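**Q** Here it is, the structure in full.
Values quoted throughout were computed directly from the atomic coordinates according to the rules given, and no laboratory measurement underlies them. Predicted model, so just to flag it, every value in this text is computed and none were measured. Positions of Cβ are generated from backbone atoms using ideal geometry, with glycine treated the same way; all protein chains shown enter the neighbour counts.
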Amino acid sequence: MLHLGMGSLGIKLLSGVLVLGSTILLARVLGPSAFGVYSFVYALAFLLMVPGELGLPQLVVRETARLRAGEHWALLGGLWRWSAMLSTALCLLVTLIAGLGGWLLAARLGVMELATLGWGLLLVPLMVLSKLTGAGLRGLRRVLQGQLPELVIRQTVLLVLVAAVLVFPVVSLTADLAMALHVAGGVTALTLGTWWLLRHRPPMLPAKPELEYDSARWFASAWPLALVASMHMLLQHTDLVMLGWFSTSENVGIYRVAVQGAAIVGFGLNAMNMVVAPEFARLYAGGDLARLQRTVTNSARVVLLLTLPIVVLLALFAGPVIVLVFGAEYSAGQFPLALLAAGQLGNALFGSVGFLLNMTGHERDAARGLVIAAVVNVMLNLALIPALGVNGAALATAFSLIMWNVLLWRAVRIRLGIDSTALGLRPTQRWW
């Protein structure tokens, strides 16, 4: 299990580097306006994935592992076929509705915006189906292969193709061409993921007429998973989409740069979560709350030590860092970057609260806090973006992130009697 954890950590690190690399390259070449169009459509595609996937990737991971262990091969084959067909139908419906919306707004959008939107809508089913194939692989205990197509292959193909266009400038790189290259990455990732899944599918799976289905139970199980996934998507992408609706494409491009810069701050926490999550579950199952408290405190302190220097650097030198990495056109993103970095610092200070609740069987508390924070995030973006622009989006996101952590921190104190922060102040009593 340790090598799988370290392998997953390495994949996430590599994915982060690839995303950062492609973001820097596209931001510098496209400029704030075209990069803003690209970023808006990309964020919109992620939001459209929510109804398209309906929590099915998480369901497929769980049910594949369970059905494989019980050797229920007819049900396993039925699960894969049912989830693929349902996701495909939902993605087609979502893209048709979004395409109709784009057609109705054609007078407001330019040719490049409409073309970028068209390519972005094609990306939605590719990403959803790629996540499904990855989920099937992870359920079959092919954990690393299940992550590679979506996290590494798609981003690698995008980066290579963008670099090729720049090295061999047959055509100019535009927002719609960049999105088309991303679609090419999505096709490659889905093709490779499907090939791996077919290669590792259990040989005992029956033919199509012999498959069995438990659609009602699967559908009922997918809804709670879809709710959590949708709230995560809202927290991650609402600000960009709403900024694109209420403001200019230039502001979207500037804000995307700030978001990408702030994402570096959160890497320490994300990396630590992968390491400590199984330990949380083991210690809680064994009833060793004292050792669990020490593990939680020590991990939070390590995360804080990794995070604080980066936040201080960005707070003091956000402007020069943006200009050096992304270009002078994005210098207006220094204050949003500082705000988002402060939000990530609060995220680090409270520790692995979400994973702690999920690994100890209190996922409902984690979901409740996520829903509240997502709703507040939408409301704050609605209120602040028209008045403050990129600064309003950053303020709304930073506040929502800290609020989410406060809610989960309180839930950890109530349910476990543990302080999740780097301070490690064990509560004197439980609040129920």
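**Q** Counting other Cβ atoms within 10 Å of each Cβ, which trypsin sites (Lys or Arg not before Pro) in region 41-111 have at most 11 and sit in a DSSP loop?
**A** Listed in order of number, the matching sites are Arg108.
**Q** Another one. Chymotrypsin sites (Phe, Trp or Tyr not before Pro), restricted to region 314-414: which are DSSP loop and have at most 14 other Cβ atoms within 10 Å?
**A** Counting only loop positions with at most 14 other Cβ atoms within 10 Å, none of the chymotrypsin sites (Phe, Trp or Tyr not before Pro) in region 314-414 qualifies.
**Q** What's the percent breakdown of Cα-Cα distances in region 81-186 across 10 Å bins, shortest bin first?
**A** Histogramming region 81-186 at 10 Å steps yields 14, 35, 32, 17, 3 percent.
**Q** Looking at the chain, which longest stretch skips every one of the GluC sites (Glu not before Pro) that is in a DSSP loop with at most 15 other Cβ atoms within 10 Å, leaving the sites themselves out?
**A** 213-432
**Q** Next up: Take each uninterrupted DSSP H stretch in the chain, measure its Cα extent along the helix axis, and return the ones at 24 Å or beyond whose mean Kyte-Doolittle hydropathy is at least -0.5.
**A** Values: long enough: 2-53 (45 Å, 1.43); 73-104 (47 Å, 1.41); 111-139 (43 Å, 1.23); 175-200 (37 Å, 0.87); 215-246 (41 Å, 0.81); 267-285 (28 Å, 0.75); 289-325 (47 Å, 1.72); 363-388 (36 Å, 1.25); 390-416 (39 Å, 1.11).
Result, helices passing both filters: 2-53, 73-104, 111-139, 175-200, 215-246, 267-285, 289-325, 363-388, 390-416.
**Q** Go through region 68-143 and name the chymotrypsin sites (Phe, Trp or Tyr not before Pro) that are in a DSSP coil and have 11 or fewer other Cβ atoms within 10 Å of their Cβ.
**A** none
**Q** Separate question: Compute the Cα gyration tensor for region 308-388, then decide on rounded, prolate or oblate, letting a ≥ b ≥ c be the square roots of its eigenvalues: rounded whenever a/c is under 1.5, prolate when a/b is larger than b/c in the other cases, and oblate in all that remain.
**A** Because a/c hits 1.5 or more and a/b fails to exceed b/c, region 308-388 counts as oblate.
**Q** Does region 1-213 come out rounded, prolate or oblate, given a ≥ b ≥ c as the square roots of the eigenvalues of its C-alpha gyration tensor, rounded meaning a/c under 1.5 and, failing that, prolate meaning a/b above b/c?
**A** Judged from the Cα gyration tensor, region 1-213 comes out oblate (a/c at least 1.5, b/c at or above a/b).
**Q** Rounded, prolate or oblate: pick one for region 233-321, where a ≥ b ≥ c are the square roots of the eigenvalues of its C-alpha gyration tensor, a/c under 1.5 means rounded, and failing that, prolate if a/b is larger than b/c, else oblate.
**A** oblate
**Q** Which value at 222 nm does the chain reach when only helices count, each DSSP H run of 4 or more adding -39,500 (n - 2.57), with the total divided by all residues and rounded to the nearest 500 deg cm²/dmol?
**A** It lands at -28500 deg cm²/dmol.
**Q** Same structure again: Taking Cα extents along the principal axes in Å as the quantity of interest, determine which of [x] 82, 53, 46; [y] 60, 57, 37; [z] 76, 53, 34 was computed from the displayed structure.
**A** [y]
**Q** Mind checking which of Val94, Met179, Pro224 is farthest towards the positive end of the chain's charge dipole, using Cβ charges of +1 (Lys, Arg) and -1 (Asp, Glu) about the Cα centre?
**A** Projecting each Cα onto the dipole axis, the largest value belongs to Pro224.
**Q** Hey, another quick one. For a quick check: with amide H placed at 1.01 Å from N, whose amide H comes under 5 Å from Ile418's, ignoring anything fewer than 5 positions away on the same chain?
**A** Amide H neighbours of Ile418: Arg413.
**Q** Using alpha-carbon pairs under 8 Å, 6+ residues apart, how would you state the relative contact order of the chain in percent?
**A** So the answer I get is 20 percent.
**Q** Computed over the Cα atoms, what is the radius of gyration of region 26-123 divided by 2.2 N^0.38 Å, N being its residue count?
**A** Normalised by 2.2 N^0.38 Å, the Cα Rg of region 26-123 equals 1.45.
**Q** What dipole magnitude, in Debye to the nearest 20, does region 1-213 give about its Cα centre under +1 on Lys/Arg Cβ and -1 on Asp/Glu Cβ?
**A** Dipole of region 1-213, to the nearest 20 debye: 460 debye.
**Q** What ranking of Thr133, Thr248 emerges when the number of other C-beta atoms within 10 Å of each C-beta is taken as an exposure proxy, fewest first?
**A** Fewest-to-most ranking of Thr133, Thr248: Thr248, Thr133.
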